[in-house]
Amino acid sequence: MTLKIILAVIIGTVVGLFVPESYYGVTDHMLSIGLSLLLFFVGMDIGKNKNVLKDIKKSGAMFFIVPLGVVAGSLIGAILAGFLLSDPVNESGAIGAGLGWYTLSSIIIAPYSSELSVLAFLTNVIREIIAIAAIPLVAKYIGFVEAIAPSGATAMDTTLPIVSKNTNAETAILSFSTGLILTMIVPVLVPLFLFRP
């Protein structure tokens, strides 16, 4: 899936080199429609899982603590990295607020800045790649619950099998519920950093 998305971006970049500027307004509308469809299908994916409520109940207080910790760590890390690179706090925060969901965060950021959108895409793709490599090590040497954090929003889908394989059933349930919450937070959190009054 990651390779397909990267290939789509490369093809889009090449096509974009030849599109006249008069079509840029159309692409903004297409991005809005695409974003709405993406969120609709994410909602359908959540809705088709009949055990979501049971899984949430099993998580207890950790249902809230783990996702809040992931959000706090992601934002603090992104803002500190932005500070070291002399980037504006709102821009580095918006990238961190993507929480590993590279497709959505880059689409939300695109109307604000195409350069920042590409950076958000690459940063969050790299986060997922690092998560895939790090989860087994974190689970083995630090702890099972901590192994959820590198995944961010992908803890409910792409990286869930890796968390499940390297931890236990309870952690897998917590991973799913954490990813579910983070998936719902990203569309709200990213625009907050880019809001222009």
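The table below gives the values:
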read-out	value
Packing-based exposure ordering (other Cβ within 10 Å, fewest first) of ILE76, ILE108	ILE76, ILE108
Theoretical FRET efficiency, 1/(1+(r/R0)^6), r = Cβ-Cβ of LEU68 and GLU115, R0 45 Å, to 0.05	0.90
Straight-distance crosslink candidates among aspartates and glutamates, where the alpha carbon sits under 14 Å from LYS48 and sequence neighbours closer than 8 are dropped	ASP157
Extension gain from TYR23 to LYS165, taking 0.36 nm per residue of separation minus the Cα-Cα distance	46.4 nm
Selection of chymotrypsin sites (Phe, Trp or Tyr not before Pro), the range 142-197, meeting DSSP coil and at most 11 other Cβ within 10 Å	PHE195
Additional length obtainable on full extension of the chain from LEU192 to ALA133, 0.36 nm per residue less Cα span	18.2 nm
Alpha carbon centroid spacing (whole Å) that separates the range 81-117 from the range 130-197	19 Å
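Values in this text are rule-based calculations from the coordinates and carry no lab data. None of the values given here were measured: they were computed from a predicted structure. Positions of Cβ are backbone-derived with ideal geometry, glycine not excepted, and every protein chain shown enters the neighbour counts.
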